[in-house]
1. Give, as a single signed number, the net charge of other residues whose beta carbon lies under 15 Å from the beta carbon of Ala282, with Lys and Arg counted +1 and Asp and Glu -1.
2. Explain nothing, just the number: relative contact order of the chain, from Cα pairs under 8 Å at least 6 residues apart, as a whole percent.
3. Given Gly309, Gln293, Cys257, which one lies farthest toward the positive end of the charge dipole of the stretch 254-354, if we put +1 on the Cβ of every Lys and Arg and -1 on the Cβ of every Asp and Glu?
4. Per Stokes-Einstein, at 25 °C and 0.890 mPa s, what whole-number D in µm² s⁻¹ belongs to the chain, with the Kirkwood radius over Cα pairs as the hydrodynamic radius?
5. Taking the simple approach of a point 7 Å from Cα along Cα-to-Cβ for both Asn335 and Ala113, what is their distance in nm?
6. Just the C-alpha atoms of the stretch 1-75: what Rg/Rh do they give, with Rh taken as the Kirkwood radius?
7. In nm, to one decimal, how far is the modelled label at Leu197 from the one at Thr268, with both set 7 Å along Cα→Cβ?
8. Can you give the FRET efficiency to the nearest 0.05 for Lys131 and Arg24, using r as the Cβ-Cβ distance and R₀ = 22 Å?
Amino acid sequence: MPFLIDAHLDLALNALEWNRDLSRPVAQIREAERGMSDKIDRGRGTVSLPELRRGGVGLVVATQIARFNERPNQFPGAGFNSPAQAWAMTQAQRAWYEAMVDLGEMTQITDLASLENHLTFWQDETSLVEKKPVGYVLSLEGADSLIDLSYLEKAYGYGLRAIGPAHYGPGRYAPGTGLSGPLTPAGRELLREMDRLGMILDVTHLTDEGFDEALVLFHGPVWASHHNCRALVPHQRQLSDEQILRLAERGAVLGGCLDAWMLAPGFTQRKSTPADFGVTLATLIDHFDHICQLTGNARHVAIGSDLDGTFGTEQSPSDLDTIADLQNLNGLLKNRGYSPEDVAGIFSGNWLRFLRKAWD
Ligand SMILES: [Zn+2]
């Protein structure tokens, strides 16, 4: 089974805010949620650590995620009422990842040596895949929780390696999806500090203005961890052709996202079903095709599924039951004419090339 890397999973969010024990099989997690209705995706989760192993997903980029909400009356439930509370949530999430490491479920990847060791261990066929820890690179989705920039160095110290300054709505460092406008002064300072520390910039969720500014101000490695094409599904959350070309010029890799509304035009969250819109794993390959045609090669596409990023099977490709089904992309890509080398790049080679260069 080919090794697979998924560059965007909100594992700790699921563990702590959805109260999911991700060390269990998905079937057990669904069973434990039977009859619950506090969240739309109850009983429909697709991700857990045994399921990642079953799908050969041996390395993930795993998030810390917590927003600050300055106007709780205007945006109810959109985040914590102070940056300190958001920081505390990210620290709880970090503690969960570290508990998974202690239990042998996960292992943290922070540099070239830990990356190469992990790959060697994962490819060793004499040890059982069920016993292998899932590797994770720690990323921060939305930077609101960094109380001030002194917290960035602290976070680097515990292994934070990538940051997407923006998320949804207003942000202390950058406005996010659904808004327009430039980075904040603190956001510009954040990029300078990330450069100094050699961190990766995730452009996902930036506004168009923020994207432009970030690419000029930031000189380090850039990726788009979970992003599809605006040309196929028009929305500001998606990348325009011009943005895709600029990212490719920077050596970026773009993680294809499996959130159904980002795959098929007209899909409405909480109303449409993936089956009605014909959303399958093959739909993601339409987005890959578009990027490959634009850039002239398959070196910039890979996977950043965002599965269980606050949605479940009700908003994922209809032929995906759990994240282990990502392996079916192998046959689907070959059927579309992708060479074995291109498929290997999409499964892991492109992210690995990126990380090796970023951390060299
Ligand atoms: Zn996201």
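Values in this text are rule-based calculations from the coordinates and carry no lab data. None of the values given here were measured: they were computed from a predicted structure. Quick reminder, even Gly has a Cβ in these numbers, built from the backbone with ideal geometry, and neighbours come from all protein chains shown.
1. Within the 15 Å Cβ shell, the charges total -2.
2. Reported relative contact order: 18 percent.
3. Among Gly309, Gln293, Cys257, the one farthest towards the positive end of the dipole of the stretch 254-354 is Gln293.
4. Values: Rh = 20.3 Å.
Diffusion coefficient, whole number: 121 µm²/s.
5. My value for the distance between the label points is 4.6 nm.
6. Here the Rg-to-Rh quotient is 1.05.
7. About 4.2 nm, to one decimal.
8. 0.85
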